[in-house]
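Student: So that we are looking at the same thing, I have put the structure below in structure tokens.
Each reported figure results from applying straightforward, stated rules to the coordinates on display, with no laboratory input. Source: prediction; values computed, not measured. Every residue, glycine among them, receives a Cβ derived from its backbone with ideal geometry; neighbour counts consider all protein chains shown.
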Amino acid sequence: MSAAPRIAPSTLFTPEEWAPFQTRPAWAGPLLVVHCWGVIAFAVVAGVLVPWLIPICVMIIGTRQLGLAILMHEAAHGGLSKTAKWNDFLGHWLCAVPIGADLGAYRPYHLTHHRFAQQPEDPDLMLSAPFPVSPASLRRKMIRDLTGQTFFKQRILLPLAMASDKSRSNSSKGDSAHEYEAVVTGRSILPFLAVNALILAGFVAAGVWWAFFALWLLPMATWFPMVTRLRNIAEHACVEGSSADAFRAARTTRASWWERVFIAPYWVNFHAEHHLFMHVPCWKLPALHRAVHARPQAAVMEVAPGYVSVLKTATRRPR
């Protein structure tokens, strides 16, 4: 197996320059989790009080559901708390389970992705390998996301298929596509249902049972899959030389304020820097981006001016 190329921090920084990126206050990770749920709660209240805002609230909530997935990703790197048990509790029960994921299954899968990024052994390679695709193909994918077809496949068909596989063989893993969807959305179906039953009970107790479906389930079934797809495309698709050069292992996208609100929360757009130094906490990635790009080595890094530009690249016919 060929591991992905790596660089040491000393390639770019002196020990004094690198020191600020190695520290993390104990409150920062938990505060991000509180912030994510606070934005969701605010958008729910706004949608209940002002129903004509519901379409915007659906987009904001769906993006923060992606935010929960991003914070689960942070926990997979041990970034939500210095205490391992607290890190895993936050990452699993408050971030992963509510959206149907499983931190324990996701962590080894994701770390394998880092170890073999863009190599044949990379379990995420199938997310970037098909690109570029035609504009019509991408439209079909996004329509499936926004109409709930992707959600139905991941939350209904995949768990049923997994249950069928287990009934035939306890060691059955299925194909790579099923394996990816399983670790992200399909493997924790019972905890997912239990936690969402509690969330529904909260809406019922507040006298707005309908808001669970309109302002929690609907975003999860529509906007969340779509922005997750955009995230996957932006991170690795169509980055030439990504398997051979650590500086080109991923793409960074310069997200505008509205893209951070509706597409890319919690600095997920700084993916090239994350692959260079994966243990730097997400809230320090903007500073790391500036520090790295002050060095001449960064000239080869893939940086897109926005998500529209990424989609144009992902649908551009090869010459």
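Student: Give, as ranges by residue number, the residues of the stretch 276-301 whose backbone N falls under 18 Å from the point 7 Å along Cα→Cβ of T14.
Tutor: 291-296
Student: Subtracting the Cα-Cα distance from 0.36 nm times the residue separation, let me have the gained length for A294 to H279 in nm, one decimal. If you can, show how the numbers build up before the last one.
Tutor: Working: separation 15, 0.36 × 15 = 5.40 nm, distance 2.03 nm.
Result for the pair: 3.4 nm of gain on full extension.
Student: Shifting gears a bit: From the helices alone, meaning DSSP H stretches of at least four residues, give me the mean residue ellipticity at 222 nm for the chain, per-run term -39500 (n - 2.57), in deg cm²/dmol to the nearest 500. Intermediate values should be presented prior to the final figure.
Tutor: On the way: 18 runs with 172 residues, N = 319.
After summing the helix terms and dividing by the residues of the chain, the value is -15500 deg cm²/dmol.
Student: Another question, then. Mean projection of the alpha-carbon convex hull of the chain over all orientations, in nm²? Walk me through the numbers before you get to the answer.
Tutor: On the way: hull surface 70.2 nm².
Taking a quarter of the hull surface, the average projection is 17.6 nm².
Student: Which loop trypsin sites (Lys or Arg not before Pro) in the stretch 41-109, with loop taken from DSSP, have no more than 14 other Cβ atoms within 10 angstrom of their Cβ? Walk me through the numbers before you get to the answer.
Tutor: Details: sites: R64, K82, K85; in loops: K82.
Those satisfying the criteria are K82.
Student: A follow-up question, please. List the extent of the Cα atoms of the stretch 39-163 along each of their three principal axes, largest first, rounded to whole Å.
Tutor: Projected onto its principal axes, the Cα set of the stretch 39-163 covers 48, 45, 30 Å.
Student: For M142 and W93, calculate 0.36 nm times their separation in residues minus their Cα-Cα distance, and state this gained length in nm to one decimal.
Tutor: Details: separation 49, 0.36 × 49 = 17.64 nm, distance 2.88 nm.
Length gained between M142 and W93: 14.8 nm.
Student: Simple spin-label model, 7 Å along Cα-to-Cβ: W37 to L49 in nm?
Tutor: About 2.1 nm separates the two model spin labels.
Student: Calculate the dipole size of the chain relative to its Cα centre from +1 charges on Lys and Arg beta carbons and -1 charges on Asp and Glu beta carbons; express the result in debye to the nearest 20. Don't skip to the end; give the middle numbers.
Tutor: Values: 30 positive and 19 negative charges, 108 e Å.
Around 520 debye, computed over the chain.
Student: Something else about it: How high is the FRET efficiency between W210 and V308 when r is their beta carbon distance and R₀ equals 30 Å, given to the nearest 0.05? List each step's numbers first, then the result.
Tutor: Working: r = 35 Å, r/R0 = 1.15.
Result of the calculation: an efficiency of 0.30.
Student: Explain nothing, just the number: relative contact order of the stretch 198-257, from Cα pairs under 8 Å at least 6 residues apart, as a whole percent.
Tutor: Values: 28 pairs, mean separation 11.0, N = 60.
Across the stretch 198-257, relative contact order equals 18 percent.
Student: Multiplying the sequence separation of I56 and W257 by 0.36 nm and subtracting their Cα-Cα distance, what value in nm do you get? Walk me through the numbers before you get to the answer.
Tutor: Numbers: separation 201, 0.36 × 201 = 72.36 nm, distance 1.52 nm.
Extra length from I56 to W257 when fully extended: 70.8 nm.
Student: Then there's this: What are the membrane-span-like helices in the chain by this rule: whole DSSP H runs, Cα extent along the axis at least 20 Å, mean Kyte-Doolittle hydropathy at least 0.0?
Tutor: Working: long enough: 28-49 (31 Å, 2.12); 54-76 (32 Å, 1.39); 189-205 (24 Å, 2.35); 223-236 (21 Å, -0.24).
Within the chain the helices that satisfy the rule are 28-49, 54-76, 189-205.
Student: In terms of the ratio Rg/(2.2 N^0.38 Å) built on C-alpha atoms, what value belongs to the stretch 208-319? Display every interim value, and only then the final one.
Tutor: Details: Rg = 16.0 Å, N = 112, 2.2 N^0.38 = 13.2 Å.
The value comes to 1.21.
Student: While we're here: Whats the longest run of the chain with zero GluC sites (Glu not before Pro) that are DSSP loop and have at most 16 other Cβ atoms within 10 Å?
Tutor: On the way: sites that count: E121, E240.
Answer from the scan: 1-120.
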